[in-house]
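**Student:** After the structure tokens below, expect a handful of questions from me.
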Amino acid sequence: MFSFFKISRLFYNNIPHKVLHTTKMAKSKFEYVRNFETEDRLLPNCWIVIRIDGRDFHKFSKKHNFKKPNDNRAIDLMNHAAMKVMDDFKDISIAYGQSDEYSFVLRKNTEIYNRRGTKLMTYINSLFSSSYVFYWGEYFKEEKLRYPPAFDSRAVLYPTDENLRDYLSWRQADCHINNLYNTTFWTLINKGGLTNREAEQKLCGTFSSDKNELLFSEFGINYNNEPEIFKKGTILLRKKVLNPKSQKNKTTIIPLHEDLIGDKFWEKHSEILNIGATTFYEYPEDFDLPYLVLRQLNI
Ligand code: DGT
Ligand code: MG
Ligand code: MG
């Protein structure tokens, strides 16, 4: 004897699901609203840059007692969240971060999500944002997250390699300009005893050379000796790295803090623009591997 359920399942299983589905959909008078959705495929053969930026991080950094002008915990957390994004999206060939922003560059020929702009922006942004919250405690320890941070995101297309290089150079130059300003501003306050207003007035209309000179002559600080991570921001690249423990090579996302404006960087890492195979990156023998790398190597 067949039970009612068995008979109905038999009946259901014998009708192709597509027929059931389309019959149901065709009956809906609401179906037409689908036509309001717009096509958002990004132009082919262009570099896709997705840039995210923290919402009102002026307030967020204050509320969470970020050190001024640079907080290593905040920088490391941004880099970790970005590494998570780059690890999930294999078509990201280079990422660049500074302050509360990160740019992710997807290969010109990527066909991920059919190059749909909204899919890319929302997936990358939400994965970055959730990772930022997920890894918060690893870096900020007892400094508790007081409210959920948010990031905006945009997609920009660059048709030529030169445009892409100029884009990344623009962001790195921005990092340098802001860092020189902030370093001088906070030195005037913390070591020079000036008020915020006085420091602002002193720096008004000054050039880079003036700030370098002021730091050196008044406070004995050589700006060139400031940490590279503050001056250059962070570049993430996918490379093969030797695991010192297992002596095996592993594809790893590595953070670099070097100049990307000059040709040298692009010659050294030619696989970024030429879309070549992952190349080997050799750390100097006495170099302490960054935490982000050790983590990926399970050391
Ligand atoms: P937005 O992006 O229009 O929503 O507004 P904000 O306030 O996020 O402005 P934005 O993105 O131009 O500037 C980033 C802010 O984040 C800026 O006020 C400085 C702060 N910030 C980022 N990194 C650090 C850090 O390491 N230490 C401190 N003290 N502040 C930081
Ligand atoms: Mg912001
Ligand atoms: Mg910003």
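Where a number appears in this text, it was derived from the coordinates with a stated rule and is not lab data. As the structure is a computational prediction, the values presented were derived from the model and not from experiment. Cβ placement follows ideal geometry from the backbone for every residue including glycine, while neighbour counts extend to all protein chains displayed.
**Student:** Kindly count the pairs of lysines across region 145-299 whose alpha carbons are less than 20 Å apart, treating pairs on different chains or eight or more residues apart as eligible.
**Tutor:** 17
**Student:** Which loop chymotrypsin sites (Phe, Trp or Tyr not before Pro) in region 125-232, with loop taken from DSSP, have no more than 13 other Cβ atoms within 10 angstrom of their Cβ?
**Tutor:** Phe207
**Student:** Setting aside same-chain residues fewer than 8 positions from Lys141, which aspartates and glutamates have a Cα under 18 Å from its Cα?
**Tutor:** Answer for Lys141, where 18 Å is the Cα cut-off: Asp71, Asp76, listed by chain and number.
**Student:** May I pose another question? Using only Cα atoms and rounding to the nearest 10 degrees, what angle (0 to 90) does helix 161-190 make with the longest principal axis of the chain?
**Tutor:** Result, in degrees: 50.
**Student:** To the nearest 20 Debye, how big is the dipole of the chain about its Cα centre, given +1 on the beta carbon of each Lys and Arg and -1 on that of each Asp and Glu?
**Tutor:** Value, rounded to 20: 1880 debye.
**Student:** Using Cα pairs under 8 angstrom and six or more residues apart, how large is the relative contact order of the chain, in percent?
**Tutor:** 19 percent
**Student:** With unit charges on the beta carbon (Lys/Arg positive, Asp/Glu negative), name the residue among Tyr223, Leu180, Val33 whose Cα is farthest towards the positive pole of the charge dipole of the chain.
**Tutor:** Of the listed residues, the answer is Val33.
**Student:** If you stretched the chain out fully between Lys59 and His257, how much longer would it get, using 0.36 nm times the residue separation minus the C-alpha to C-alpha distance?
**Tutor:** 68.6 nm is the gain from fully extending Lys59 to His257.
**Student:** Subtract the Cα-Cα distance of Asp40 and Arg116 from 0.36 nm times their separation in residues, and report this length gain in nm to one decimal.
**Tutor:** Result for the pair: 26.8 nm of gain on full extension.
**Student:** In addition: For the Cα atoms of the chain, what angle does the longest principal axis make with the long axis of helix 4-13, in degrees from 0 to 90, nearest 10?
**Tutor:** Compared with the principal axis, the helix lies near 70 degrees.
**Student:** In degrees from 0 to 90, rounded to the nearest 10, what is the angle of the helix 72-88 Cα long axis to the longest principal axis of the chain?
**Tutor:** Approximately 30 degrees, to the nearest ten.
**Student:** Hey, how many Å between the Cα centroid of region 55-134 and the Cα centroid of region 246-299?
**Tutor:** Measuring centre to centre over Cα atoms gives 19 Å.
**Student:** Quick one: Cα convex hull volume of the chain, Å³ per residue?
**Tutor:** For the chain, the hull spanned by Cα atoms encloses 252 Å³ per residue.
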